[in-house]
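Peer 1: The structure is given below, and queries will be raised subsequently.
What follows draws every value from the coordinates through simple rules; no lab data is involved. Keep in mind that this is a model prediction, so the values were computed, not measured. With ideal geometry, Cβ positions are generated from the backbone for all residues, glycine too; neighbour counts draw on all protein chains shown.
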Amino acid sequence: MVKVGVAGVGMTKVGKLVSRSLRELASEALMKATDDAGGVKPDAIVVGNMMSSLVEQENLASLIADTAGLRGISGFKVEGACGSGGAAVLAGYSLVASGLFQVVAVVGVEKLSELPTPDVTRGLAWAADADYELIHGVSFSGLNALVMRNYMEKYGVSREEMAAWPVLMHENGYHNPYA
């Protein structure tokens, strides 16, 4: 198996970027990563994305590659619900480790904040189990709340202790120029 490493990284600002498309955001990050890698161009791109259908855009990998000036490279979109980014990293790693490609760009992109909440909730629900969860009206927000409550009970964590977590994350985000 081929040894695999990260050659470069790139990121765009996170926010409600209504004027920018999925492909524009992802290609910006991809171009930054390519620059960070000393101009090394990928042979393929793997895009992690769960809900591009909500913004009526599929075939993301090819579109992102084209927008980033990498027309003609192989492109793959992977989806693994909230783990789509991790699935993309695994796929990219596997493509290089197998020797199929020498350089693979991995990009994760979503646009949810500008869509109506019911649409996002419905889109997230599509990743749940339609046979056992959706028929009972359970949403990802509800499932996450159940997981959190179970964690709190299992480990004796109070509401106050749990409430400190988002405060800390927002504070960390405040100091991140990309957040």
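Peer 1: Only residues that are surrounded by fewer than 17 Cβ atoms within 10 Å (Cβ to Cβ) and not polar (S, T, N, Q): list them for the stretch 9-23, please.
Peer 2: Val9, Met11, Lys13, Val14, Gly15, Lys16, Leu17, Val18, Arg20
Peer 1: While we're looking at this one, here's another question. Taking the stretch 13-61, which residues are touching a residue at least 24 places away in the same chain (Cβ under 8 Å), among the hydroxyl-bearing types (Ser, Thr, Tyr) and not in a helix (DSSP H, G or I)?
Peer 2: Ser21
Peer 1: So which residues in the stretch 70-117 are crowded, with 19+ Cβ neighbours inside 10 Å, hydrophobic (A, V, I, L, M, F, W, C) and part of a strand (DSSP E or B), if there are any at all?
Peer 2: Val78, Val104, Ala105, Val106, Val107
Peer 1: Any idea which of (1) surrounded by 12 or more Cβ atoms within 10 Å (Cβ to Cβ); (2) over 16 Å from the mean Cα position of the chain (by Cα) is the one Leu30 doesn't satisfy?
Peer 2: (2)
Peer 1: Any chance the stretch 29-41 includes a residue that's closer than 17 Å to Lys111 by Cα and polar (S, T, N, Q)? Break it down into steps so the answer makes sense when it comes.
Peer 2: Keep residues of the stretch 29-41 that are closer than 17 Å to Lys111 by Cα, which gives 29-30.
Retained after the next criterion (residues that are polar (S, T, N, Q)): none.
No: the stretch 29-41 contains no residue that is closer than 17 Å to Lys111 by Cα and polar (S, T, N, Q).
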